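Heads up, the thing below is written out as structure tokens.
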Amino acid sequence: MYLLGEQPAYADRLINRLQGIPAQLLDGLAPSGDPIELGSTSDIAAQLPEQQVFLVQRGLLHARVDERPLFYLREGDLLGLRQGIELPTCHYCSDEPIILIPYARRAVFEHIHADEQRQELFTQYLIGHTALLSDALARLKQPEIRPTTGFQYFAEGEELIRQGDEADNVFIIIEGHAEAIVDGQKVGDVQRDEIFGAMAVFTQEKRSASVIASTACTVMVIPKDQFLGLMQNNPRIAHSLIESMARRIDLLNKEVTQLRLPMTA
């Protein structure tokens with residue numbers, strides 16, 4: 001499965017892990033017929049027999065829910081699990097030739113439930129896809145927040161923010177760790193889930209510090225206009241930011257106190 005649009009790093013890792021599960025589920029089970037070859041089509045389901053599950057052997061299938069593109073199925077994915085359940089209508093189409101390997105649906109479930117390891121793999125497969133689709137739907141349902149919000153990836157040693165630059169965005173570290181540097185000196189750490197870069201947005205001044213990745217980082221980038229709107233409409237974000245700033249001020253006070261002690265002595 002591919003999801004549309006930008007997605008966090010965990011989604012890429014999860015997708016790659018889920019991709020290998022269908023072959024393990026079907027291992028030892030004979031197909032119910034010869035591979036089915038189809039050309040480009042706007043509705044794959046209309047051309048396929050019912051009560052079958054299909055392993056995508058070649059090609060890319062576009063999935064649309066309520067006529068909105070949501071995800072792709074690719075080689076190694078399963079098609080046909082949604083039968084017999086009241087779910088939003090999902091149409092599959094393809095712009096290229098595809099090859100599907102058919103399996104009898106009942107035989108597939110009997111094969112899976114005959115082995116505890118296959119049962120566990122199937123559970124992981126369903127839960128994983130549910131998590132991915134929930135994330136995709138969240139992006140679709142919140143267009144006022146997400147359209148220009150994106151994720152950026154930084155290698156260890158790369159600059160997330162440069163001292164002296166204009167403040168156009170606010171950032172949140174999703175994965176990784178970074179350090180705040182002022183005039184070449186480390187002045188603090190930026191932890192996972194911490195909001196940073198907001199001070200210059202509020203003061204409308206240039207960046208007072210650089211932020212450099214001390215490990216590989218995944219960072220959510222929020223344009224300042226959207227961030228200011230979120231601050232007004234979501235008190236939890238404001239509370240989180242105030243806590244973060246208070247923590248940094250406390251650390252700075254302790255550092256200043258430690259610097260003064262030798263001078264006093």
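The values are calculated or read from the model by the stated rules, or taken from the named source; none is laboratory data. Remember, predicted model here, so these are calculated numbers, not experimental data. Backbone-built Cβ (ideal geometry, glycine too); neighbour counts: all protein chains shown. These accessible areas exclude ligands, DNA and RNA; they are computed on the full protein's heavy atoms, side chains included. Shrake-Rupley method; radii C 1.70, N 1.55, O 1.52, S 1.80 Å.
Here is a list of conditions, (1) under 17 Å from Leu25 (Cβ atoms); (2) open to solvent by 40 Å² or more (accessible area, probe 1.4 Å), and Leu55 meets all of them except one; can you say which number that is?
Result: Leu55 passes all but (2).
Name, by its number, the condition in (1) of a type outside the set (Lys, Arg); (2) modelled with pLDDT of 85 or more; (3) within 25 Å of Arg13 (Cα to Cα); (4) crowded, with 16+ Cβ neighbours inside 10 Å that does not hold for Thr123.
With (1) of a type outside the set (Lys, Arg); (2) modelled with pLDDT of 85 or more; (3) within 25 Å of Arg13 (Cα to Cα); (4) crowded, with 16+ Cβ neighbours inside 10 Å applied to Thr123, the lone miss is (4).
Taking Glu75 as the residue in question, decide whether it is under 29 Å from the mean Cα position of the chain (by Cα), among the charged types (D, E, K, R), modelled with pLDDT of 85 or more and open to solvent by 70 Å² or more (accessible area, probe 1.4 Å). So that I can check it myself, show each step before the final result.
Values: under 29 Å from the mean Cα position of the chain (by Cα): yes; among the charged types (D, E, K, R): yes; modelled with pLDDT of 85 or more: yes; open to solvent by 70 Å² or more (accessible area, probe 1.4 Å): yes.
Answer is yes for this residue.
What's the number of the only condition in (1) at pLDDT below 80; (2) open to solvent by less than 90 Å² (accessible area, probe 1.4 Å); (3) of a type in the set (Ser, Thr, Tyr) that Tyr2 fails to meet?
That leaves (2) as the condition not met.
Name the residue, out of Glu96, Glu75, Glu120, that is more than 18 Å from Gly33 (Cβ to Cβ) and in a helix (DSSP H, G or I).
Glu120
Can you report the number of residues in region 61-74 which are in contact (Cβ under 8 Å) with a residue 40 or more places away in the chain, in contact with a strand residue (DSSP E or B) (Cβ under 7 Å, 6 or more places away or on another chain) and of a type outside the set (Phe, Trp, Tyr)?
Qualifying residue count for the region: 4.
Results for (1) over 19 Å from Gln226 (Cα atoms); (2) within 21 Å of the chain's Cα centre (by Cα); (3) basic (Lys, Arg), shown as yes or no for each residue.
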residue	(1), (2), (3)
Phe151	no, yes, no
Glu156	yes, yes, no
Asn169	no, yes, no
Glu175	yes, yes, no
Gln191	yes, yes, no
Gly197	no, no, no
